[in-house]
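Structure first, then comments.
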Amino acid sequence: MHKHIRPQAGIMEIALYQGGTSRIAGRDDVVKLSSNENPFGAGDLARQAYIRAGHDLHRYPSTDHAGLRAALGERFGLDPARIICGAGSDEIITFLCQAYAGPGDEVLYSQHGFLMYRISALAAGATPVVAPEHDRVTDVDAILAAVTKRTRLVFIANPNNPTGTMIPVEEIARLAENLPPQTLLVLDGAYAEFAEGYDGGAALVDTRENVVMTRTFSKLYGLGGLRVGWGYGPQHVIDVLNRVRGPFNLSNVQLDVAEAALGDAAHIARSLSENARLRDWLADKLNETGVATDRSHANFVLARFRDAEQADACNTALLAEGLIVRQVASYGLPESLRITVGDEAACRRVAHVIAAFMETQR
């Protein structure tokens with residue numbers, strides 16, 4: 001570090017985020033199952049909107065995102081005035097930490113929570129605090145026990161990444177009810193659409209002043225490369241976040257394509273039904289080979305091996321067959337591999353390679 005020019009406290013504690021690997025040297029037949037992307041890509045309506053948006057690249061986008069907010073409000077039955085849009089839900093998480101946490105404050109999240117909670121807390125100068133989970137499931141009592149008078153934000157991903165597990169709405173409500181008055185509960189719903197009958201916490205946001213929900217277009221809608229997310233919260237929170245949001249944080253392309261994707265009912269239905277079918281199929285096949293999995297409510301399966309050494313060896317076997325999954329030691333799960341639910345061919349290849357690998361372990 002430079003002798004005199006120094007970054008803000010906390011920033012040098014940040015380990016650089018590593019996204020899912022996408023290449024294997026010397027292979028061009030790679031199947032990427034490391035970033036929880038939609039195996040069918042973006043839908044036709046989104047692709048058409050992307051092409052049309054090219055005609056207006058010289059135009060500045062709107063600063064209020066009114067069109068997309070209105071579409072989101074209509075789609076999910078929400079008040080558009082209480083919606084904020086960002087460059088992925090990551091940016092909404094950053095806004096929340098920037099606006100509500102700083103030096104001397106604590107940001108609390110569960111043991112195997114999304115890495116961006118820690119990164120955004122440290123970037124804001126706040127102290128990240130981890131609450132233990134119970135068998136890879138968010139533990140409300142453990143979170144409440146970790147809350148102090150310095151806790152400003154509590155982040156809960158439901159369903160969680162990388163575990164795929166979730167807790168019922170009643171437990172989330174109990175958590176919100178028992179937080180101290182200065183603490184904001186943030187429900188990260190990046191995978192909410194994959195959990196049948198779950199609203200991501202929207203109804204809870206509508207009944208409380210201390211709950212915010214974040215959502216994304218990166219998973220179900222297949223727009224990970226475009227970076228579009230959004231948040232829904234009490235008016236007092238959204239007003240604050242809009243003060244730190246850059247006026248042109250989303251381009252015309254992002255806004256138009258996201259709105260088109262939201263209305264592509266056929267693509268959404270196909271993606272959800274195939275994910276549910278193949279997720280259960282893959283979990284069953286892994287369990288048959290002796291690889292344990294928890295019931296996943298997302299678009300991936302967490303495969304648990306005997307220990308870190310066996311998980312590493314299986315990862316090597318998968319890579320040798322051109323299959324890239326996600327090692328999750330950075331999430332405190334060195335004995336596990338997170339496997340995105342791909343299309344049927346990809347799932348069958350993964351199941352075949354892991355079954356063959358496990359045969360060598362007997």
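No lab work stands behind these numbers, since they all come straight from the coordinates. Note that the coordinates shown come from a computational prediction; the quantities given were computed from them, not determined experimentally. In this analysis, Cβ positions are derived from the backbone assuming ideal geometry, glycine residues included, and neighbour counts consider all displayed protein chains.
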Counting only DSSP beta bridges fully inside the chain, the antiparallel percentage to nearest 5 is 45
A student applying the Cα gyration tensor rule (rounded when a/c is under 1.5; otherwise prolate if a/b is larger than b/c, oblate if not) would label segment 15-160 oblate
Taking θ as phi - 60°, what are the ³J(HN,Hα) couplings along segment 136-142 by the Karplus curve (6.51, -1.76, 1.60), each to the nearest whole Hz, with x for Gly and Pro?
6, 10, 3, 10, 4, 5, 5
Please find, in a Gaussian network model of the chain (springs between Cα atoms separated by less than 10 Å), the residue of Leu122, Leu57, Leu72 whose mean-square fluctuation is greatest.
Leu57
Over all directions, the chain yields a Cα convex hull whose mean projected area in nm² is 19.7
If you place +1 on the Cβ of every Lys and Arg, -1 on the Cβ of every Asp and Glu, and leave all else neutral, what size is the dipole of segment 289-357 about its Cα centre, to the nearest 20 Debye?
140
Largest-first principal axis extents, alpha carbons of segment 240-355, Å
50, 34, 26
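Among 353-361, 34-42, how do they line up from the highest to the lowest mean number of other beta-carbon atoms within 10 Å?
On the way: 353-361: 15.7, 34-42: 19.7.
In decreasing order of mean packing, 353-361, 34-42 become 34-42, 353-361.
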Using a Gaussian network model of the chain whose springs link C-alpha atoms within less than 10 Å, name the residue from Tyr191, Tyr232, Tyr331 with the highest mean-square fluctuation.
Tyr331
Spin-label proximity, Ala266 to segment 50-70 - amide N less than 20 Å from point 7 Å beyond Cα toward beta carbon
50-52
Take each of the peptides 105-115, 339-349, average the number of other beta-carbon atoms within 10 Å over its residues, and list them starting from the highest.
105-115, 339-349
Please list the non-local residues whose amide H lies under 5 Å from the amide H of Ala131, H modeled 1.01 Å from N, same-chain partners needing a gap of 5 or more.
Tyr109, Ser110, Gln111
Output ³J(HN,Hα) for segment 48-63: one whole-Hz value per residue in order, computed from phi by the Karplus curve 6.51 cos²θ - 1.76 cosθ + 1.60 with θ = phi - 60°, and x for Gly and Pro.
5, 5, 4, 5, 4, 5, x, 6, 10, 5, 8, 8, 5, x, 5, 8
Comparing Ala145, Ala329, Ala71, which has the greatest mean-square fluctuation in the GNM of the chain with Cα pairs linked when under 10 Å apart?
Ala145
Per-pair calculated FRET efficiency, R0 = 30 Å: Asp135 and Asp79 via Cβ, rounded to 0.05
0.20
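For the chain, what does the helix formula give at 222 nm: sum of -39500 (n - 2.57) over DSSP H segments with n ≥ 4, over the residue count, nearest 500 deg cm²/dmol?
Working: 12 runs with 140 residues, N = 362.
Estimated from H runs of four or more residues: -12000 deg cm²/dmol.
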Between Val186 and residues 5 or more places away or on another chain, which pairs have amide H atoms under 5 Å apart, with H built 1.01 Å from N, and which residues are they?
Val154, Phe155, Ile156, Val212
